[in-house]
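What follows is a short report on a single structure.
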Amino acid sequence: MRLLRAATSRGATVASAVASRRGPADTAYADILAPGVEVVRDGSILIDRDWMPAGVTSQFIEDAKTYHERYFDRLDFTELVDYCLGLAAIDRTQSLRVLDIGSGSGASVLAACRLLPRAHILASDISPQLLRMLAAFVDTRDDLRGRITAFCFDLHRRFFRPESFDVVIGAAILHHLLDPRAALANVAASLRPGGKIILVEPLESGSLVLVAMFARVLGALAEVGDGDGRIAQLMKAMRLDIQSRLGPPVEKPWTRQLDDKWVFDRPYLAQLAADLGLSKVEVHPAQSDLSNVYENAFMGLLADSGLSHVQVPQRVIDSVRMFDRGIAEDLKGELCPTGVIVFTR
Ligand SMILES: C[S@@+](CC[C@H](N)C(=O)[O-])C[C@H]1O[C@@H](n2cnc3c(N)ncnc32)[C@H](O)[C@@H]1O
């Protein structure tokens with residue numbers, strides 16, 4: 001029944017999006033669109049005439065409003081994007097053409113806009129709903145209007161002409177894609193030689209530390225009791241979630257149903273760079289101060305799951321801190337749950 005309801009509502013979503021793509025092609029950006037690609041104006045966004053919401057879960061399409069309300073005000077990516085631009089040695093004084101991939105309702109786009117004052121930013125996403133929210137926000141702001149253009153398309157499709165961009169930014173996108181290699185090949189082709197692709201993504205090694213830490217938390221909860229059991233339930237779910245996402249690019253029977261589909265490791269990323277003709281890949285921890293990286297991951301998870309108000313037993317806090325205390329700072333750089341990945345073309 002739940003599946004049937006989901007299928008029906010997706011059918012309605014697709015039908016209304018198809019209807020909105022019957023108008024004439026918008027040619028304003030024809031110089032950067034790949035041959036055969038046509039876009040149609042849909043309010044303030046441009047949408048691929050061949051758009052289909054393949055491989056993306058309902059949280060970004062039918063439930064986009066809930067996703068936006070849950071995250072938009074909480075997410076200020078200025079510090080993160082600032083750190084990423086520094087790692088990639090981007091010259092902020094240049095008038096760059098920047099492509100942001102998997103923009104959603106725009107946290108990384110707005111940060112890039114602030115930090116690259118002369119750049120024009122192309123926001124992109126498969127979700128028309130999220131991009132419309134971004135465009136509506138941009139329309140209310142004099143400092144943003146005219147600096148951001150939003151394109152709705154699937155990254156698995158070759159959408160832009162070669163060498164259209166100086167920089168590509170993607171904050172939490174690659175691990176949502178069914179075929180990260182195919183999508184990255186498209187992105188890499190649209191980058192000029194010497195250009196950078198900057199991605200923020202979950203890493204396997206650090207995620208496995210979290211699996212071990214969540215097991216330790218379960219042990220501590222079993223000793224001291226867990227109130228209504230919600231922390232234990234979350235720990236079990238997160239362990240299973242990470243275990244289900246290991247080993248890209250091998251698709252499992254459940255991969256298509258997952259929202260977060262993968263965690264990445266360095267050998268996979270190095271192989272991707274080699275396969276796609278990218279000259280270099282660097283993997284950095286996603287934060288410069290790693291002193292409380294595991295405690296922050298644990299607390300962030302509680303907050304994302306609506307459990308920030310739950311009283312966490314001291315024994316649990318101690319178990320989490322054991323990981324922060326016990327793992328040396330330089331090793332934490334290798335074992336960080338989230339990484340900034342910088343590819344150079
Ligand atoms: C975690 S959100 C990214 C958040 C965003 N970068 C921000 O700064 O707020 C992941 C995004 O990837 C998009 N996405 C998923 N599959 C996609 C695809 N095949 N092509 C393009 N975007 C996709 C989703 O619609 C969603 O908005």
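Taken together, the values in this text are just the output of simple stated rules run on the coordinates, not laboratory data. Note that the structure is predicted; figures quoted are calculated from it, not measured. Cβ sites come from the backbone with ideal geometry, for glycine too, and all protein chains shown count toward neighbours.
In this structure the amide hydrogen of SER124, modeled in the peptide plane, comes within under 5 Å of the amide hydrogens of ASP100, GLY102, SER103, PHE151, none closer than 5 places in sequence on its chain. With contacts taken as Cα pairs under 8 Å at a separation of at least 6 residues, the range 204-344 carries a relative contact order of 39 percent. Karplus-derived 3J(HN,Hα) values for the range 111-120, using 6.51 cos²θ - 1.76 cosθ + 1.60 with θ = phi - 60°, are 5, 4, 4, 5, 8, 10, x, 9, 8, 9 Hz; glycine and proline are entered as x. Residue by residue, the range 181-192 carries 3J(HN,Hα) couplings of 5, 5, 5, 5, 4, 5, 5, 4, 5, 8, 9, 6 Hz when phi is fed to the Karplus relation 6.51 cos²θ - 1.76 cosθ + 1.60 (θ = phi - 60°); x denotes Gly or Pro. Cβ-Cβ distance of ASP318 and VAL211, R₀ of 22 Å, FRET efficiency by 1/(1 + (r/R0)^6): the value works out to about 0.70. Largest first and in whole Å, the equivalent-ellipsoid semi-axes of the chain read 34, 24, 19, each the square root of five times a Cα gyration tensor eigenvalue. With both partners inside the chain, how many of the DSSP beta bridges are antiparallel, as a percent to the nearest 5? In the chain, approximately 50 percent of DSSP beta bridges are antiparallel ones. In terms of other Cβ atoms within 10 Å, ARG97, ARG22, ARG157 run from fewest to most in the order ARG22, ARG97, ARG157. Neighbour counting of Cβ atoms within 10 Å sorts the residues VAL37, VAL168, VAL310, fewest neighbours leading, into VAL310, VAL37, VAL168.
In the elastic network of the chain, a GNM with C-alpha springs shorter than 10 Å, the most mobile of ASP91, ASP324, ASP241 is ASP91.
In sequence order, the range 249-266 has phi-based couplings of x, 6, 6, 9, x, 9, 4, 4, 7, 7, 7, 7, 9, 9, 10, 10, 10, 4 Hz under the Karplus curve 6.51 cos²θ - 1.76 cosθ + 1.60, θ = phi - 60°, and Gly or Pro positions carry x. For the options THR255, THR149, THR140, a Gaussian network treatment of the chain with springs between C-alpha atoms closer than 10 Å singles out THR140 as fluctuating the most.
With R₀ set to 25 Å, the beta-carbon distance separating ARG145 from TYR71 gives a calculated FRET efficiency near 0.60. Volume of the convex hull of the range 237-336 (Cα atoms only), normalised per residue: 131 Å³. Note on the range 33-187: antiparallel DSSP beta bridges, both residues inside, total approximately 25 percent of the bridges counted. Between amide H atoms placed 1.01 Å from N, distances below 5 Å from LEU290 occur with no residue 5 or more places distant or on a separate chain. Of all aspartates and glutamates in the structure, the ones whose alpha carbon falls short of 20 Å from that of LYS236, not counting any fewer than 8 places away in one chain, are GLU204, GLU223, ASP226, ASP228, ASP259, ASP260, GLU295, ASP304, ASP318.
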